[in-house]
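The values are calculated or read from the model by the stated rules, or taken from the named source; none is laboratory data. Computed from a predicted structure; not experimentally measured. Cβ: placed from backbone, ideal geometry, glycine included. Neighbour counts: every protein chain shown.
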Amino acid sequence: MDDLGRMDSPIHRIDARAKIIATAAFVLAVMSFPRYEVSALMPLFAYPFALIAVGNLPAGYLLKKVAVAAPFALFVGIFNPLLDRQPMGMIGPVAISGGWFSFASIMVRFTLTVSAALALVACTGIHRLCAGLKMLGLPSPFVVQLLFLYRYFFVIGDEGLRMLRAAEMRSTGARTLAFQTYGTLIGHLLVRSMDRAQRIYRSMVSRGFDGEVRLLRREAPGWRDVAFACGWIAFFAFARSWDLAEFVGRWLSRGPS
Amino acid sequence: MHMADALISPAVGGTMWATSAGLIAWCARKVKGVCDDRLVPMMGVMGAFIFASQMINFSIPGTGSSGHLGGGLILTILLGPHAAFLAIASVLTVQALFFADGGLLALGCNVFNLGFFPAFVAYPLIYRPIAGARRAGGRAWTAAIVAAVAGLQLGAFGVVVETKLSGISELPFGTFLMVMQPIHLAIGVVEGLATAAVVEFVARVRPEAIATTPAAALGQRSLRPVLAGLLVAAALAGGGLNWFASSHPDGLEWSISKLTGKEELEGSGDGPRGPAARIQEKTAFLPDYGFRPAESKPAPAESSAGPGAGPWPAVSAGTSVSGIVGGLITLIVAGLIGYLLKRGGRTTT
């Protein structure tokens, strides 16, 4: 994800604020569709697709991340077909119940929102994203917290996995840790993390840290950024108000006559 | 426990976003007010620690399953409620952005369910009164377990209520509740045990670490601002829901009719019954309420496409087929645009 954020493309160059606002509008638009809507959501795929395509992002990699997160939505949505059995539409001779429509709708919404969020992060990068969030008014302690968390997540994670491997090598046969070992191991990890935080703090203070992380790149948004946000929001509003898919489908099925 | 965007409505998501954003702003001001820069790296690294600790499991004796630290309670014990709330919110934000774990619009709900309850309810109202200053021994363990269970129960209840209010999932309130609460009872006990074990270890080997964390400075604040915030949130929720009710009648009317239907079903005094019976009752029941599904949009198409404008649920096949065809085609067009953009991008770069 970090490497993706550091790449360069027309989308990467768009101001982070514009992308955040557009993505927020996108999520809101997707969420506001009625519960049985499936086909009208399809035009909205244009947004994540465009981000992925113009941003040169690896679609397969992002798709895998979407799939990993799918089980929860699947778990809650899968009961809809069982509980809502009113037939609502026909495909040939087979009646499709409302539950299947709302289930399909849930999964489409899920794919849309998650892929858009991942694409946003992948084409922005954590630093620009945090700078954008801060300029949009997110309290600075929280922005600093986000940056710190992101910076040290991998460091502490590696440390934890090293300790886990050491513990596993000393306890042959056991599949997971015993509770006593767990408490000690995590406790040690916690103490080490605290010590690390102290060291980080001292070294930051000696470099002049005053509780604020200064993020550069504070340029004003250009016409491109404004056009990006406004254009997409207009598209979302358009797709929300008129069922484009329905329109295309009717136009096509009427075409020959 | 992380809610996805696909399951909540904008009204619920927006309200919870506003609530959580307000709490974050309030906590950020409190943390800034402490004037202890040391807290900044401490919070960041502790958030990272929670991430890391969730990768490590321990085996639960006799069950064959395993558990790990949840995070909300231990962060609050170590950092105090305000700093902990910020740390939890940041963990959830990073999870939502980088791991697709929980949605963007649902972030407000998730921060509230997993952050507010442990930091501002379970810790000050349960953990502190029971444990006092002790961090080892029976009382500390009891406090951790009870507080973790209470925090998770409230969080799980929050998930159920938010899902229900959104009206996207079909799960009946009672059933969903009966699934979520017992599961989170077990998870809560495990989290409480893990929290107590880690806290006790740290208190033993590094007593000054817990004593010197700014928890003491930040912990003793009155709950009045929080309650005031909740009141505002409740007012907002009412206003927001009303607003949406007028502009989008489908989802809300639906859930309201369903909720009122539920009440009457329960009120009829019939004891527990199988889900199948409940489904039957519901299908026979809802038409009485003049309930129409969220099909108001294709209605004009329906009248023009054919004589299918009979009583619900007779939806003309023509409408749904054209919907499916159109959906597929727009999906393909969207994909094609992406593909062309990609090719265009390649040639220019």
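Among the residues of region A:150-166, is there at least one that is within 9 Å of another protein chain (Cβ to nearest Cβ), in contact (Cβ under 8 Å) with a residue 12 or more places away in the chain, under 19 Å from B:MET43 (Cβ atoms) and surrounded by fewer than 18 Cβ atoms within 10 Å (Cβ to Cβ)?
Here is the first cut: in region A:150-166, the residues within 9 Å of another protein chain (Cβ to nearest Cβ) are A:150-161, A:163-164.
From the residues that got through so far, the ones that are in contact (Cβ under 8 Å) with a residue 12 or more places away in the chain too are A:150, A:152, A:155-156, A:159-160, A:163-164.
Now narrow it down to the ones that are under 19 Å from B:MET43 (Cβ atoms): A:150, A:152, A:155-156, A:159-160.
After this cut, where a residue has to be surrounded by fewer than 18 Cβ atoms within 10 Å (Cβ to Cβ) as well, the list is A:155.
Yes; the residues of region A:150-166 include at least one that is within 9 Å of another protein chain (Cβ to nearest Cβ), in contact (Cβ under 8 Å) with a residue 12 or more places away in the chain, under 19 Å from B:MET43 (Cβ atoms) and surrounded by fewer than 18 Cβ atoms within 10 Å (Cβ to Cβ).
Considering only residues that are more than 8 Å from every other protein chain (Cβ to nearest Cβ) and not basic (Lys, Arg), which ones fall in region A:167-179? Break it down stepwise before answering.
Within region A:167-179, the subset more than 8 Å from every other protein chain (Cβ to nearest Cβ) is A:167-173.
Scanning region A:167-179 gives A:ALA167, A:GLU168, A:MET169, A:SER171, A:THR172, A:GLY173.
Here's the yes/no breakdown for (1) closer than 27 Å to B:HIS82 by Cβ; (2) touching a Leu at 6+ places or on another chain (Cβ under 8 Å); (3) in the same structural domain as A:THR23 (by TED's automatic domain parsing); (4) of a type in the set (Asp, Glu):
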| position | (1), (2), (3), (4) |
| --- | --- |
| A:GLN145 | yes, yes, no, no |
| A:PHE148 | yes, no, no, no |
| A:ARG151 | yes, no, no, no |
| A:ARG162 | no, no, no, no |
| A:GLY173 | no, no, no, no |
| A:TYR182 | no, no, no, no |
| A:ARG192 | yes, no, no, no |
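Determine if region A:33-53 includes at least one residue that is β-branched (Val, Ile, Thr), surrounded by 21 or more Cβ atoms within 10 Å (Cβ to Cβ) and at pLDDT 85 or above.
Step one: list which residues in region A:33-53 are β-branched (Val, Ile, Thr), which gives A:38, A:52.
Imposing the further condition that a residue be surrounded by 21 or more Cβ atoms within 10 Å (Cβ to Cβ) reduces the set to A:38, A:52.
When the remaining residues are screened for being at pLDDT 85 or above, the result is A:52.
Among the residues of region A:33-53, at least one is β-branched (Val, Ile, Thr), surrounded by 21 or more Cβ atoms within 10 Å (Cβ to Cβ) and at pLDDT 85 or above, which makes the answer yes.
Just to check your reading of the model, which residue among B:ILE168, B:ILE183 is within 14 Å of another protein chain (Cβ to nearest Cβ) and touching a Lys or Arg at 6+ places or on another chain (Cβ under 7 Å)?
On the way: B:ILE183 fails: touching a Lys or Arg at 6+ places or on another chain (Cβ under 7 Å).
So the residue among B:ILE168, B:ILE183 that is within 14 Å of another protein chain (Cβ to nearest Cβ) and touching a Lys or Arg at 6+ places or on another chain (Cβ under 7 Å) is B:ILE168.
May I ask you to list the residues in region B:10-45 that are assigned to a helix (DSSP H, G or I), at the interface with chain A (Cβ under 7 Å from one of its Cβ atoms) and not β-branched (Val, Ile, Thr)? Show your work before the answer.
Looking only at region B:10-45, we keep the residues that are assigned to a helix (DSSP H, G or I), and these are B:10-34, B:39-45.
Subset that is at the interface with chain A (Cβ under 7 Å from one of its Cβ atoms): B:10, B:13, B:24-25, B:28, B:31-32, B:40-45.
Passing the criteria: B:PRO10, B:GLY13, B:ALA25, B:ALA28, B:LYS32, B:PRO41, B:MET42, B:MET43, B:GLY44.
Check A:PHE110, A:PHE103, A:PHE75, A:PHE79 and return the single one that is in contact (Cβ under 8 Å) with a residue 40 or more places away in the chain and closer than 22 Å to B:SER9 by Cα.
On the way: A:PHE103 fails: in contact (Cβ under 8 Å) with a residue 40 or more places away in the chain; A:PHE75 fails: in contact (Cβ under 8 Å) with a residue 40 or more places away in the chain; A:PHE79 fails: in contact (Cβ under 8 Å) with a residue 40 or more places away in the chain.
Checking each option against the conditions leaves just A:PHE110.
Could you go through region A:60-78 and let me know if any residue there is surrounded by fewer than 22 Cβ atoms within 10 Å (Cβ to Cβ), touching a Gly at 6+ places or on another chain (Cβ under 8 Å) and assigned to a helix (DSSP H, G or I).
no
Say we look at region B:164-180 and pick out the residues that are out of contact with any helix residue (DSSP H, G or I) (no Cβ under 6 Å at 6 or more places or on another chain) and either in a helix (DSSP H, G or I) or charged (D, E, K, R) (or both); which of these is surrounded by the fewest Cβ atoms within 10 Å (Cβ to Cβ)?
Step one: of region B:164-180, the residues out of contact with any helix residue (DSSP H, G or I) (no Cβ under 6 Å at 6 or more places or on another chain) are B:172, B:174-175, B:178-179.
Okay, now just the ones that are also either in a helix (DSSP H, G or I) or charged (D, E, K, R) (or both), so B:174-175, B:178-179.
Working: B:GLY174: 14, B:THR175: 14, B:MET178: 12, B:VAL179: 15.
Top of the filtered list is B:MET178.
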